[in-house]
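Notes follow once the structure below has been shown.
Just so it is clear, none of the values below were taken in a lab; they were calculated from the coordinates. Only a predicted model underlies this, so the values are computations on that prediction, with no experimental measurement involved. In this analysis, Cβ positions are derived from the backbone assuming ideal geometry, glycine residues included, and neighbour counts consider all displayed protein chains.
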Amino acid sequence: METFLPILFSLLIGFFFLLGFGIVRIVKHKKELSIFSVGMAFVVMIGMLLFDLIPEIIEMSSELNKTFLSTIVLVICFVLVGVFLLKILDLFLPHHIHHHSLKESVHEHNHHMEHVGLITSFSLILHNILEGMSVFILASESLMTGFMTSIAIGCHNLPLGIEIASSMEHTKNTPTKYITLLLLVLSSFIGALILFFVGSALPESLMLIFICVACGMILYIAFFELLKEIFCYRHEKYVYYGIFTGMILILVMTIL
């Protein structure tokens, strides 16, 4: 039972993505929700960088037996790897329009939002695998700490689930779409299972590399994708509602 519960807590994180997907299905005003979710997801991702990934990178870097300069070079290199990985994915994902205008067609806009949803999913899958490992470690030491952490991470993922579902709302119901969403829901669970089977055999330096790559991916999405969407919707009140809601969520998560 003590081993089962930490794995179950990691599965609970994915439930919040499902909740976000369900909210998009229920809400009638899809366009307004999509605009709202872009602003909210941008702030949540910035919060993820400032209060989650960067502190984790600093803490893990200090535990490595390397010089300060070599550690900085290692971190910067793998953060850039994360950025360039998503840039390379641009070549293989559906065509998208980065430049928005008043004359932009609904079809072009839907293609771009589909692209944002896909690359966000790819980066979050890697990020959530690492979070699933973290929850498993914490819950193995204290079930209450692991449970509270999984709830906090889940609340963190809820707006991202809304943003991804809104982005992919007009995407064709292809196997790729459903496989991507399924992996997103199960990614934390997969991370816990990996750690369960390999135990302490996973090197600390490898975990740091994974986190740096995830950090680079989140940076790319926030500043090269979502920020452009926010600029496009700068005259829409719903994007500011989303930004304000994201700030409230980050504040609550920081307190927790």
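Points to keep in mind about this one:
- Sorted fewest first by neighbouring Cβ atoms within 10 angstrom, Met247, Met217, Met48 come out as Met247, Met48, Met217.
- Exposure proxy ranking for His235, His127, based on other Cβ atoms within 10 angstrom of each Cβ and starting from the fewest, stands as His235, His127.
- Note on the stretch 214-256: Kirkwood hydrodynamic radius from all Cα pairs is 11.6 Å, rounded to one decimal.
- Footprinting exposure proxy for Ile209, Ile248, Ile119 (fewest neighbouring C-beta atoms within 10 Å first): Ile248, Ile209, Ile119
- Annotation for Ile255 and Met144: the two label points, set 7 Å from Cα along the Cα-Cβ direction, are 2.0 nm apart.
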